[in-house]
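Enquirer: My questions will all concern the structure given below.
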Amino acid sequence: MFDFFKKSGKLLGMNARNLKYIRPYNRKRGMELADNKLLCKRTLLKGNLPVPALIAKIRSIEELDAFDWTTLPTSFALKPNRGFGGEGILVVYARKKDRDDAWVKADGSLITVQDIKNHIRNILDGSFSLANIPDIAFFEERLKLLKLFKPYSYKGIPDIRIIVFNRVPVMAMLRLPTRASDGKANLQQGAVGLGIDLSTGTTTTAILGKGHLIEYAPGTRLVLSGIKIPYWQQILRMSVEAQEMSGLGFLGADVAIDRDRGPVILELNARPGLSIQLANLSGLKERLDRVSGLKIKTLERGIRVGMNLFGGEIEEEIEELSGKRVIGTIEKVKLIGKDGKQAEIEAKIDTGADSSSIDFDLAKELGFESVVHEYLRLSQEFDLKNLSSGERVKILEAIPDVASTAKVQSSHGTSYRVAIRIELEIDGQRIPAKVSLIDRSHLEYSAIIGRRHLRQFLIDVNKNFSSK
């Protein structure tokens, strides 16, 4: 699919990016600001935009030799001033207990003062800078991980890349650190990139590294689509404000969300990479052409244009390229039971649940009255008889039309649910399903559809069946 997408002519290539957007729109002063992180930090601060706090900087071997290591906090990030592509960044998470000269890195390994000195010497020599020119090393605060991202992120802090052109945000991507990327939000090193719907700030499709399409966070069963990014309009506003301050006509603004401070701008990129197109399954070329030449008089207008042009309307393209339908968190679902009996209901789409379940009354409507009656009768008897787990399962699975049983632990103790086989019809697609029976009469929806039966769909948390 990606080869087809790359050959479709919709992607912006590196040469076209340089010739059509970087050279005409990114002047020397703006390029210098983006390439100089300390200058960029000062400029953004002067414009009242939040950035990670500067702890200290080292400009020479003499300053390195004289540096007081006791002034460093327990955690920090060490960066080259003119680094690019995430190279040369070192993050430490805690000071080693009982040692003043050692810290702990993301992988649990130790790094000593001597190790840090050697790393800083490489920075000063220009090992990580553009054109290998001598550089400056600086320490800044390590941001705190937002609770929302904790299950999806390995060690490091996710960031959000916003491409801005002509005061309009045109494309966005959430980058999640992984074990393979050593806790860094860098796709070239193996991080995950998630496309973002610009209208809602909700993740859509995801790639691993340089373009492998994935559904789940690596090593988990956590669905990556449908993550709602907080502070979304604030993040868009900050990105467009940063473009105005920098003087760059075409840029990538990298924003992180700190647990305590909210959104902060990490850096600006005058030559943003193009993997963001793969994460969004959408080409930049067409989007940039649509906003080129528009008269955007105010920052607010630019944000509205970006949200209206590139939010929601990309759904059909995503469905076409991914081969998956986009559905909402509440969907109209048809259930087909015994002897063709049917029921059409509003069901909750729940990617946090592994399996699906329906209410007792709904099961009766589908022709499973005898299953519900016998299950309830036997469940009451289990409270009176001291049966083993194996005996309970054996008795329940002997009920005609029961497909399986499941042991459930709750605050009320251990219980056993029975499951039946039906068909689900969601957005025109029929799915054979084994669903468990439970009393949902006190809940808003008589059925929940779990991720086991959602593999051919992408979930948009801001969409429901009535909005189609």
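The values are calculated or read from the model by the stated rules, or taken from the named source; none is laboratory data. Given the structure is predicted, the values throughout are model-derived calculations rather than measurements. In this analysis, Cβ positions are derived from the backbone assuming ideal geometry, glycine residues included, and neighbour counts consider all displayed protein chains. Quick note on the areas: whole protein, heavy atoms, side chains included, nothing else; ligands and nucleic acids left out. Shrake-Rupley method; radii C 1.70, N 1.55, O 1.52, S 1.80 Å.
Enquirer: Go through the stretch 337-445 and tell me which helices (runs of 4 or more DSSP H), entirely inside it, have 3 or more residues that are in contact with a Phe, Trp or Tyr (Cβ under 9 Å, 6 or more places away or on another chain) and open to solvent by less than 30 Å² (accessible area, probe 1.4 Å). Before the answer, list the steps.
Expert: Values: elements: 360-365, 369-382, 389-396.
Where helices (runs of 4 or more DSSP H) fall fully within the stretch 337-445 and carry at least 3 residues being in contact with a Phe, Trp or Tyr (Cβ under 9 Å, 6 or more places away or on another chain) and open to solvent by less than 30 Å² (accessible area, probe 1.4 Å), they are 369-382.
Enquirer: Continuing with the same structure: Listed residues N308, N280; which is over 26 Å from N36 (Cα atoms), modelled with pLDDT under 95 and surrounded by 17 or more Cβ atoms within 10 Å (Cβ to Cβ)? Walk me through how you get there before you give the answer.
Expert: Working: N308 fails: surrounded by 17 or more Cβ atoms within 10 Å (Cβ to Cβ).
Checking each option against the conditions leaves just N280.
Enquirer: What strands (runs of 3 or more DSSP E) lie completely within the stretch 72-142 and have 3 or more residues being in contact with a strand residue (DSSP E or B) (Cβ under 8 Å, 6 or more places away or on another chain) and modelled with pLDDT of 90 or more?
Expert: On the way: elements: 76-80, 90-95, 102-105, 110-112, 137-140.
Because the criterion is at least 3 residues that are in contact with a strand residue (DSSP E or B) (Cβ under 8 Å, 6 or more places away or on another chain) and modelled with pLDDT of 90 or more, the strands (runs of 3 or more DSSP E) in the stretch 72-142 that meet it are 76-80, 110-112, 137-140.
Enquirer: Out of the stretch 48-68, which residues are in contact (Cβ under 8 Å) with a residue 12 or more places away in the chain, open to solvent by 30 Å² or more (accessible area, probe 1.4 Å) and assigned to a helix (DSSP H, G or I)? Even if it seems obvious, please write down each step before you answer.
Expert: At the first step, the residues of the stretch 48-68 found to be in contact (Cβ under 8 Å) with a residue 12 or more places away in the chain are 49-61, 64.
Still in the list and also open to solvent by 30 Å² or more (accessible area, probe 1.4 Å): 50, 53-55, 57, 59-61.
Within the stretch 48-68, just I61 meets the criteria.
Enquirer: Select from the stretch 69-86 the residues that are farther than 17 Å from I133 by Cα and without any contact (Cβ under 8 Å) to a residue 60 or more places away in the chain and write down the one among them that is surrounded by the fewest Cβ atoms within 10 Å (Cβ to Cβ).
Expert: Filtering the stretch 69-86 for residues that are farther than 17 Å from I133 by Cα and without any contact (Cβ under 8 Å) to a residue 60 or more places away in the chain, the one surrounded by the fewest Cβ atoms within 10 Å (Cβ to Cβ) comes out as T70.
Enquirer: I would also like to ask the following. Scan the stretch 30-47 and report the pairs whose first residue is open to solvent by 30 Å² or more (accessible area, probe 1.4 Å) and whose second residue is charged (D, E, K, R) and outside any helix (DSSP H, G or I), with Cβ atoms within less than 9 Å and a gap of 6+ or a chain change.
Expert: Short answer, once both residue conditions are applied: M31/R271.
Enquirer: Of everything in the stretch 191-212 that's over 20 Å from K324 (Cβ atoms) and modelled with pLDDT under 90, which residue is least open to solvent (accessible area, probe 1.4 Å)?
Expert: Checking each candidate, the answer is G209.
Enquirer: Quick one: which helices (runs of 4 or more DSSP H) lie wholly within the stretch 229-294 and hold at least 3 residues that are over 22 Å from F84 (Cα atoms) and touching a residue at least 60 places away in the same chain (Cβ under 8 Å)? Before you say what the answer is, go through the steps one by one.
Expert: Values: elements: 232-246, 276-280, 284-291.
Result: 232-246, 284-291.
Enquirer: Quickly run through the stretch 109-143 and pick out the residues that are open to solvent by 50 Å² or more (accessible area, probe 1.4 Å) and closer than 23 Å to R179 by Cβ. Steps first, please.
Expert: First pass over the stretch 109-143, keeping only residues open to solvent by 50 Å² or more (accessible area, probe 1.4 Å): 110, 114-115, 118, 121-122, 125, 127, 130-134, 142.
Result: L110, D115, R142.
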